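These notes are about the structure you will find just below.
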Amino acid sequence: MSVTVRVPAKVNVQLAVGAARPDGFHDLANVFLAVGLYDEITVTPAAPGDGVHVTCDGPDAALVPLDGTNLAARAAEALAARYGRRPDVRIHIAKDIPVAGGMAGGSADGAGALVACDALWGTAAPRRELLDICAELGSDVPFSLLGGAALGTGRGEKLTALDVGGVFHWVFAMADRGLSTPAVFREFDRLAEGRDVPAPVASRPLLDALAKGDPDALAAAVSNDLQPAALSLFPALADTLAAGTAAGALTALVSGSGPTTAFLARDAESAVKVADVLRVSGTCRSVRTASGPAQGATLIPRERAGV
């Protein structure tokens, strides 16, 4: 018996960052939108005493850790500990979300493994408990479970679901190397030295644009307080942003802590045109298109599973 769960990538249409807290984290107003790039997580029982074993295939699979630091492995162990059972399970990640790209691929794998193990083991954990475990695993993991669109506060893990009135079309350009999220936050703190950092607040025009499904209004409202830090550490990203904007994107921004860059297009046809230009621009390694919102972690019937 095996269980497969599909989990989406995300783009941050707003990422407002407050000053560093005493615990080292930052308060955020983080508006997530799930988009249709997916990892599939398949879990299968392992022999008693075997523990957790992780495998992965797909683009950049060699960059995915397969040890106990993998969020999918940590999710299985956390759920097993809650229910007093051994985490004897094999976890396979069919990777399609860009790795180390600011699109929450690792977080998605954690949420997917949690939902899959809950189904495999029949633990029937309440959704609130699954979200609590997600929050323990990382700031972006709860949204990977929820999907759709949501405002994340605290360090991003306290979620309020948001209405979305239409489909938004995106192009994502992957860089030729990664960026460390902790390093980007450290650079944010360095750039913020000597100035007051306002408390993060969700943008009302942005929330209204999402609710109306208005791409022009959304393009005028997107923002990412981490973008200056990401550009400071990876200046070449500015060339990618400029290439996508020149190609006709309504707006361009670094996705989360980067280094993936995101481009909002007016419609699916425009997204294809922007993607075609970016592919030959010489400013990025690869390009993907996707639309959102997308569903959060979802069980896939066995006959439809990709593994």
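The values are calculated or read from the model by the stated rules, or taken from the named source; none is laboratory data. If you're wondering where the values come from, they're calculated on a predicted model, not measured in any experiment. Quick reminder, even Gly has a Cβ in these numbers, built from the backbone with ideal geometry, and neighbours come from all protein chains shown.
Of all the residues that make up region 1-46, how many are farther than 22 Å from Leu226 by Cα and at pLDDT below 95?
1
Could you tell me which numbered condition Thr153 fails, if it satisfies all but one of (1) surrounded by fewer than 23 Cβ atoms within 10 Å (Cβ to Cβ); (2) more than 30 Å from Asp208 (Cβ to Cβ); (3) not hydrophobic (A, V, I, L, M, F, W, C)?
Single failed check for Thr153: (2).
So, in region 245-287, of the ones that are modelled with pLDDT of 95 or more and among the basic types (Lys, Arg), which residue ends up nearest to Ala175 (Cα to Cα)? Can you show your working first?
Step one: of region 245-287, the residues modelled with pLDDT of 95 or more are 245-254, 261-284, 287.
Those still in the list that are among the basic types (Lys, Arg) too: 266, 273, 279.
On the way: Arg266: 23, Lys273: 19, Arg279: 12 Å.
Only one residue fits best here, namely Arg279.
Just for region 254-295: of the residues that are free of Cβ contacts under 8 Å to residues at least 60 places away in the same chain and part of a loop (DSSP other than H, G, I, E, B), which one is surrounded by the most Cβ atoms within 10 Å (Cβ to Cβ)? Reasoning before the result, please.
To start, the set of residues in region 254-295 that are free of Cβ contacts under 8 Å to residues at least 60 places away in the same chain comprises 269, 272-273, 276-277, 279-282.
Okay, now just the ones that are also part of a loop (DSSP other than H, G, I, E, B), so 280-282.
On the way: Val280: 9, Ser281: 17, Gly282: 9.
Residue satisfying both the conditions and the ranking: Ser281.
Conditions (1) among the basic types (Lys, Arg); (2) more than 18 Å from Asn30 (Cα to Cα); (3) surrounded by fewer than 20 Cβ atoms within 10 Å (Cβ to Cβ); (4) in contact with a Cys (Cβ under 9 Å, 6 or more places away or on another chain), marked per residue:
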{"position": "Pro198", "(1), (2), (3), (4)": "no, no, yes, no"}
{"position": "Ala202", "(1), (2), (3), (4)": "no, no, yes, no"}
{"position": "Pro205", "(1), (2), (3), (4)": "no, no, yes, no"}
{"position": "Pro215", "(1), (2), (3), (4)": "no, yes, no, no"}
{"position": "Val222", "(1), (2), (3), (4)": "no, no, no, no"}
{"position": "Gln227", "(1), (2), (3), (4)": "no, no, no, no"}
{"position": "Leu233", "(1), (2), (3), (4)": "no, yes, yes, no"}
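Which residues, taken from region 177-192, are touching a Gly at 6+ places or on another chain (Cβ under 7 Å) and either surrounded by fewer than 15 Cβ atoms within 10 Å (Cβ to Cβ) or modelled with pLDDT under 90 (or both)? Spell out the reasoning first.
Within region 177-192, the subset touching a Gly at 6+ places or on another chain (Cβ under 7 Å) is 179, 184.
Matches in region 177-192: Leu179 only.
For residues that are in contact with a strand residue (DSSP E or B) (Cβ under 8 Å, 6 or more places away or on another chain) and small (Gly, Ala, Ser), tally how many sit in region 170-215.
Count: 7.
Take the residues of region 53-76 that are in contact with a strand residue (DSSP E or B) (Cβ under 6 Å, 6 or more places away or on another chain) and farther than 12 Å from Lys95 by Cβ: which is surrounded by the most Cβ atoms within 10 Å (Cβ to Cβ)?
In this case the residue turns out to be Ala76.
Pick out the one residue from Thr260, Thr298 that is under 19 Å from the mean Cα position of the chain (by Cα), β-branched (Val, Ile, Thr) and more than 14 Å from Ile97 (Cα to Cα). Working first, answer last.
Numbers: Thr260 fails: more than 14 Å from Ile97 (Cα to Cα).
Going through Thr260, Thr298 in turn, the sole match is Thr298.
Anything in region 82-126 that is under 17 Å from Cys56 (Cα atoms), at pLDDT 95 or above and aliphatic (A, V, I, L, M)? List them, or say none.
Answer for region 82-126, where residues must be under 17 Å from Cys56 (Cα atoms), at pLDDT 95 or above and aliphatic (A, V, I, L, M): Val89, Ile91, Ile93, Ala94, Ala108, Ala111, Ala113, Leu114, Ala116.
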